[in-house]
Amino acid sequence: MNPIRECRIERGLSQQKLADLVGVHQTAVSQWEKGRTCPDKNSLLRLSAALGVSADRLLGSADETAKIPVLGYVRAGRPNEASQQVLGYESMGTITCPVEELFALRIRGDSMEPRFADGDTVIVRRTNAVADGSVCVALVGPDEATVKIADTKNGTLTLTALNPAYEPLVFTPEQVESLPVRIIGRVIELRARF
């Protein structure tokens, strides 16, 4: 049983009552309990307080370290062929979403310098939509991947490098559909080499 559902039932609360205590809509609680989404950090803290249990218990990871697969390389430059081999694993402590939603990639190139350097590892949460200004991993065509800052306006997708030596990649709505170009994840953590 889902730990959030289990704790809610132990406390004798309905989904609506728990939602009211946490300050979210009832459908959010339902989605958490079904494992379709997971609470953000603030909601997780409010859930923990409302249910009188640790965040670790709600995440089902009290004594576990999550192992995130490093699925290959992603270009911080012009898009390149997406790599799919598992290069190893990154360990993470308490996470606020199902481990299946996470993967890691190694950076190749310099378009995201000075923040992201060649050889760094990024932890990515799978999603097909990100807020403007988010660092994302995007697929351009069937198998070319890149890491950039995403911006969408009127259906146009712009992928911008941090390094000013690189021009933004701009895709019209037609190109987004025909190539296709799609967001596959949002970068949530950087693990830099020293």
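The values are calculated or read from the model by the stated rules, or taken from the named source; none is laboratory data. All figures in this text were calculated on a predicted structure; none of them were measured in a lab. Every residue, glycine among them, receives a Cβ derived from its backbone with ideal geometry; neighbour counts consider all protein chains shown.
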Considering each of ALA145, ALA117, ALA129 in turn, give the residue that is more than 30 Å from GLY35 (Cα to Cα) and of a type in the set (Gly, Ala, Ser).
ALA117
Against the definition (more than 23 Å from LEU44 (Cα to Cα), in a loop (DSSP other than H, G, I, E, B) and without any contact (Cβ under 8 Å) to a residue 40 or more places away in the chain), how does GLY119 come out, yes or no?
no
Here are some conditions: (1) over 20 Å from the mean Cα position of the chain (by Cα); (2) modelled with pLDDT under 85; (3) not assigned by TED's automatic domain parsing to the domain that holds GLU144. ASN80 meets all but one. Which one does it not meet?
(3)
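Yes/no per residue for (1) buried (at least 17 other Cβ atoms within 10 Å of the Cβ); (2) under 22 Å from VAL99 (Cα atoms); (3) outside the structural domain of GLU90 (by TED's automatic domain parsing); (4) in contact with a His (Cβ under 6 Å, 6 or more places away or on another chain):
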site	(1), (2), (3), (4)
VAL124	yes, yes, no, no
VAL130	yes, yes, no, no
VAL137	yes, yes, no, no
VAL140	yes, no, no, no
ILE149	yes, no, no, no
ASN154	no, no, no, no
LEU157	yes, no, no, no
ALA161	yes, no, no, no
LEU169	yes, no, no, no
Would you check if GLY35 is at positive phi and under 23 Å from the mean Cα position of the chain (by Cα)?
yes
Identity of the residue in segment 171-194, outside any strand (DSSP E or B) and of a type in the set (Val, Ile, Thr), that ends up surrounded by the most Cβ atoms within 10 Å (Cβ to Cβ):
VAL176
Say whether the condition of being within 12 Å of VAL53 (Cβ to Cβ) and outside the structural domain of LEU102 (by TED's automatic domain parsing) is met by at least one residue in segment 9-17.
yes
Does any residue of segment 17-24 turn out to be over 26 Å from ALA129 (Cβ atoms), surrounded by fewer than 15 Cβ atoms within 10 Å (Cβ to Cβ), small (Gly, Ala, Ser) and more than 21 Å from the chain's Cα centre (by Cα)?
no
